[in-house]
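Below: one structure, written as structure tokens.
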Amino acid sequence: MKFEALPLLDIFNSLRQQHGLLLGIDEYLAVLRSLQAGFGIDSRQEVEQLCCLVWAKSEEESRLIQRLLEPMWRYSSDESHNEGQPSEEPSERQKPLSLSDETPTSEPLPELETHPNVTPEPVQAVQAVRSSRQDRELKRPRYSLLTEYFPVTKRQMKQSWRYLRRPVREGVPTELDVEATVARMAHEGILLEPVLIPPRTNRTDLVLIIDREGSMVPFHDLSWQLAETAERGGRLRQTRVFYFHNYPDEYLYCHPALLDAKSMYEVLGEIGERAAVLIVSDGGAARGNFDLERVDSTKIWIEQLQQSVRYCAWLNPMPNECWQHTTAGEIARLLPMFEMSRQGMNAAISVLRGRYIAWERMYSWLL
């Protein structure tokens, strides 16, 4: 079976690559096998419902999938007109199917390019997805292909996150307090019972606020690795990730495709005063522009942020020599900003721990 004959492959790759949905080969194979078994092949609504059930985790993602499927229906309709086949246009454009609808109106299903007697093997689907990803990545600069050529590797990220600690003793006493036990034994002349204390736990809450789209597109993989290493290897009490475009306005988004909006006031009310906030954005440095409106809007947002939390810093994927005479250079005067290298990330974490000397020494040229 040829790659181009695999149905819905372009839409699946778009959901993964352009819109950031966390989908794997198993989810794609589940839809393919359902189609091969005869499920979801009778109408447009059944295909939408099948894709949404397997690939979507929210109403926003369901609407995204329905929107991506729409060009396929239009293309099929136009093709049938060109071939002279009769078709009837509905009197009113059909509303996209919601997963809660129980009695959908059936529409004719465009023929999917697949062979009913040939079941795609997992290796073919894997090769197809990887092939599409390679075609897309060839258009990018070479440094975005190999993660080890990033300014900071995944291993270094994990090591850096582990320095972001605010240990507090809490819970059931299970650890031996040697000094207190020795002092009690010296006082009583005999050891009747050791002194136990609760273990130390990391009470650090991290909030990542990541810029998406526009000039940040080349850095999406780098930002994703930063969030993944914090969530899985950072040993933090809690990690929350929000997204914005250019500068946060009234809303932040919980999904990298800029879906599931939450108001800024709601987010700041939830994260708490002692949360460590790390912003990830090029701040306009990637294009070398100076945008006064962006500076002013970012300044208002940073002031609002600093009134709500104690510790915040900024990671910039562009080298610091590229910040001068750009929007990023002005933003760097408002709060500690560091380039996304191993040294810069360690310095940012020092700031999030309440240490500001590193920032002042590294970027004194900005002051």
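Any chance you could count how many residues in the stretch 221-234 are crowded, with 20+ Cβ neighbours inside 10 Å, under 15 Å from GLY20 (Cβ atoms) and of a type in the set (S, T, N, Q)?
Residues flagged as crowded, with 20+ Cβ neighbours inside 10 Å, under 15 Å from GLY20 (Cβ atoms) and of a type in the set (S, T, N, Q) within the stretch 221-234 amount to 1.
List pairs: first in the stretch 235-251 and more than 20 Å from HIS19 (Cβ to Cβ), second in a strand (DSSP E or B) and modelled with pLDDT under 80, Cβ under 9 Å, 6+ apart or cross-chain?
Listed by first residue and then by second, the contacts come to ARG235/ASN202; LEU236/ASN202; ARG237/THR201; ARG237/ASN202.
Kindly indicate the residue of the stretch 141-162 that is surrounded by 13 or more Cβ atoms within 10 Å (Cβ to Cβ) and outside any helix (DSSP H, G or I) and also modelled with the lowest pLDDT among those meeting that condition.
Taking the candidates together, the pick is PHE150.
Which of the numbered conditions does GLU70 fail, given that it passes all the others? Conditions: (1) surrounded by 18 or more Cβ atoms within 10 Å (Cβ to Cβ); (2) outside any loop (DSSP other than H, G, I, E, B); (3) without any contact (Cβ under 8 Å) to a residue 40 or more places away in the chain.
Answer for GLU70: the failing condition is (1).
Out of all the residues in the stretch 239-255, which are at pLDDT 90 or above, over 26 Å from ARG203 (Cα atoms) and of a type outside the set (Phe, Trp, Tyr)?
Within the stretch 239-255, HIS245 is the sole residue that qualifies.
If a residue has to be among the hydrophobic types (A, V, I, L, M, F, W, C), at negative phi and not in a strand (DSSP E or B) to count, how many in the stretch 234-268 make the cut? Don't jump to the end; show me each part of the working.
Applying the first criterion (among the hydrophobic types (A, V, I, L, M, F, W, C)) to the stretch 234-268 yields 236, 241-242, 244, 252, 254, 257-259, 261, 264, 267-268.
Among the residues that remain, those that are also at negative phi are: 236, 241-242, 244, 252, 254, 257, 259, 261, 264, 267-268.
Now drop any that are not not in a strand (DSSP E or B), which leaves 236, 257, 264, 267-268.
Number of matching residues: 5.
Which of (1) over 16 Å from the mean Cα position of the chain (by Cα); (2) assigned to a helix (DSSP H, G or I) does GLU231 not meet, given it meets every other one?
Against the list (1) over 16 Å from the mean Cα position of the chain (by Cα); (2) assigned to a helix (DSSP H, G or I), GLU231 comes up short only on (1).
Residues checked against (1) out of contact with any Gly (no Cβ under 8 Å at 6 or more places or on another chain); (2) touching a residue at least 24 places away in the same chain (Cβ under 8 Å); (3) assigned to a helix (DSSP H, G or I); (4) not β-branched (Val, Ile, Thr):
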residue: SER297; (1), (2), (3), (4): yes, yes, yes, yes
residue: TRP301; (1), (2), (3), (4): yes, yes, yes, yes
residue: GLN304; (1), (2), (3), (4): yes, yes, yes, yes
residue: GLN307; (1), (2), (3), (4): yes, no, yes, yes
residue: ALA313; (1), (2), (3), (4): yes, yes, no, yes
residue: ALA328; (1), (2), (3), (4): no, yes, yes, yes
residue: LEU334; (1), (2), (3), (4): yes, yes, no, yes
residue: PHE338; (1), (2), (3), (4): no, yes, no, yes
residue: MET345; (1), (2), (3), (4): yes, yes, yes, yes
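Hey, does the stretch 273-283 have a residue that's farther than 25 Å from GLN238 by Cβ and over 23 Å from the mean Cα position of the chain (by Cα)?
No: the stretch 273-283 contains no residue that is farther than 25 Å from GLN238 by Cβ and over 23 Å from the mean Cα position of the chain (by Cα).
The values are calculated or read from the model by the stated rules, or taken from the named source; none is laboratory data. Here the structure is a predicted model, which is why all the values come from computation and not from measurement. All Cβ positions, even for glycine, are placed from backbone atoms using ideal geometry, and neighbour counts span all protein chains on display.
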